[in-house]
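Nothing in this text is a laboratory measurement; each read-out follows from the coordinates by a stated rule. From a predicted model like this one, the values you see are computed outputs, not experimental measurements. When we count neighbours, we look across all protein chains shown, and the Cβ atoms used for this are built from the backbone with ideal geometry, even at glycine.
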Amino acid sequence: MKKLAIFAICALTLASCNDGVKKAEEAARQQRDSLNQIIAQKDNEINDMMTTLSDIEEGFREITEAQNRVTLAKSGEGTNTSQRIKENFQFIQSMMQQNKELINKLKQQVRESTVKGGQLKKIIDNLTQQMEEKDKQLAALREELDRKDIHIAQLDEKVANLNTNVSTLTEENTKKEETISTQDKALHSAWFVFGTKKELKEQNILSDGEVLRSNFNKDYFTKIDIRIDKEIKLYSKSAKMMTSHPASSYTLQRDANKQYVLRITDPDTFWSTSKYLVVMVK
């Protein structure tokens, strides 16, 4: 009987261990699948950026080759010299514009990507610098052609426009980034205030038992970024939510000093009903 009891205990222990192993394996599999999904997403983003970068590099290569053809043509003779130079300048202009658009595309891809890093910014800065250098080279080449009385009147206006476009590339992109950043901050901005009943009434935030109904003092509110600011200390042992926010999106708990702290657990849901939060304290 003793041997039978020992055998039964061993069997139960083994079964329990097997269950534990299976659960551990399942948890590991889920983690692995999740990680693979993240890696796949990042791989796709990286591949897209690398394709754009490859197109930009190819564009620079073709521009350089066209520059070399112009250099050879201006040293030659014949009635078709100006025509060859004209055709190559037109090609260069087209490729410069294409590369400008590709650099803008790469910036957008980096902005929207989950792949972050200072190296990506360095790459874009380097590409922009290459564009500016090409602009200087083309300007110098054009001056040399002018000195040799090889004038291409049809290109004067186009090349001038190209010079303007390339020289303002950095400025335009900086302004666009600033605009996007401003819009992004505005999209994720919210305002909160907490105060006593008397204080809220004095600022017209609370009027006749209702909040934010009259011309309330917006300067009394504190502006926050809903992606970052998810905890608001209320410094009071009494707190009442005056604005409507889904109950599942936040918790209102006491800290070690028994004062309330508002923790926003689901920012998107919490702020979906109102970008203003009012809490009455005592």
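Numerical summary
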{"read-out": "Note, ³J(HN,Hα) from phi for the range 199-210, Karplus 6.51, -1.76, 1.60, rounded to Hz, x at Gly and Pro", "value": "5, 5, 5, 4, 9, 6, 6, 10, 9, 6, x, 10"}
{"read-out": "Chymotrypsin sites (Phe, Trp or Tyr not before Pro) restricted to DSSP loop in the range 205-282 with at most 15 other C-beta within 10 Å", "value": "235"}
{"read-out": "Phi-based couplings in Hz for the range 263-278 (Karplus 6.51, -1.76, 1.60; Gly and Pro marked x)", "value": "10, 8, 8, 9, x, 4, 6, 4, 8, 5, 8, 6, 8, 10, 10, 10"}
{"read-out": "Hz values of 3J(HN,Hα) by residue in the range 235-246 - Karplus curve (6.51, -1.76, 1.60), Gly and Pro given as x", "value": "6, 8, 8, 9, 8, 9, 6, 9, 9, 8, 9, x"}
{"read-out": "Trypsin sites (Lys or Arg not before Pro) within the range 228-269: DSSP coil, no more than 11 neighbouring Cβ in 10 Å", "value": "258"}
{"read-out": "Residues with amide H under 5 Å from that of residue 205, placed H, sequence gap 5 or more", "value": "217"}
{"read-out": "Subset of 121/223; 218/258; 107/233; 100/230; 105/233; 100/223 violating a 32 Å alpha-carbon distance limit", "value": "107/233; 100/230; 105/233; 100/223"}
{"read-out": "Translational D in µm²/s for the range 204-282 (Stokes-Einstein at 25 °C, 0.890 mPa s, Kirkwood Rh from C-alpha pairs)", "value": "183 µm²/s"}
